[in-house]
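A.B. asks: Once you've had a glance at the structure underneath, I'll fire off some questions.
What follows is calculated from the coordinates using simple rules that are stated; it is not laboratory data. Bear in mind that the values here come from a model prediction, so they are computed numbers and not experimental data. Positions of Cβ are generated from backbone atoms using ideal geometry, with glycine treated the same way; all protein chains shown enter the neighbour counts.
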Amino acid sequence: MIAWRMHKFADHPQRYPEFLQMKLDALCKARPKTMRRHLFCGLPQYKAVNDVLVSEIMVKDPLIVSPDTSVKKVAELMQDKTIGSVILVKNEKLVGIVTERDLVRRVLANGMNPSLTKAIEICSRPVVTTLDLANMETAISTMANHKIHRLVVVNTADKVVGILTTDDIWYNYRRMSEELANTYMIMMAGRR
């Protein structure tokens with residue numbers, strides 16, 4: 001059946017993405033816990049989720065501010081940088097994280113004055129962290145268990161080195177799938 005599908009799309013190269021999406025969907029259903037795909041022996045082997053390190057996907061050098069920063073300033077920084085959270089650090093020690101949700105629920109909903117309120121007063125804490133050398137499977141499990149969308153990434157010295165969000169995970173795994181699809185298309189074009 002797959003050969004028929006391939007033949008069906010061979011006359012219409014612009015429809016190859018359709019075929020590739022069907023193929024990837026079938027593979028994802030067959031082996032949902034892994035990114036490793038062996039369509040043909042010539043394709044590169046993709047890493048399993050537990051082989052990808054957090055440091056490969058995280059956003060490096062996240063925005064860090066002092067806990068004494070005003071909520072208004074934090075909100076302005078978040079808007080300027082188009083980010084959804086700011087990490088609070090004091091004396092190189094992680095003390096909290098301010099998210100868009102914190103701004104809405106703890107400041108706006110309670111009628112607090114953003115200019116007079118300090119970030120430490122409304123931040124989420126304790127902050128759930130993961131090591132930069134941890135694998136993605138562990139990080140994803142931690143996010144699911146704590147029902148959070150962001151993990152602050154620290155190194156072995158407990159220094160903040162990045163942040164990992166559900167958007168980062170989605171984007172990077174999607175990109176890996178697209179790279180696989182492109183490699184497959186190149187291989188198929190070379191077999192003609």
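A.B. asks: To make sure I understand, if each residue's beta carbon is the centre and we count other beta carbons within 10 Å, what order do 115, 124, 66 fall in, fewest to most?
C.D. replies: Sorted ascending by nearby Cβ count, the order is 115, 66, 124.
A.B. asks: Can you tally the net charge around residue 154? Count Lys and Arg as +1, Asp and Glu as -1, for every other residue whose Cβ sits under 12 Å from the Cβ of residue 154.
C.D. replies: -1
A.B. asks: Okay, next question. Just flag the GluC sites (Glu not before Pro) in the range 64-103 sitting in loop per DSSP whose Cβ has no more than 10 other Cβ atoms within 10 Å.
C.D. replies: 92
A.B. asks: Check which residues have an amide H placed less than 5 Å from residue 161's amide H, if you skip close sequence neighbours.
C.D. replies: Those qualifying (amide H under 5 Å, at least 5 residues apart or on another chain) are 153, 154, 155.
A.B. asks: Here's something else I'd like to know. Quick one: which residues, 5 or more positions from residue 96 or on another chain, have an amide H under 5 Å from its amide H? H modelled 1.01 Å from N in the peptide plane, none for Pro or chain starts.
C.D. replies: 88
A.B. asks: Counting Lys +1, Arg +1, Asp -1, Glu -1, what net charge surrounds residue 70 among other residues with beta carbon under 12 Å of its beta carbon?
C.D. replies: With Lys, Arg at +1 and Asp, Glu at -1, the net is 0.
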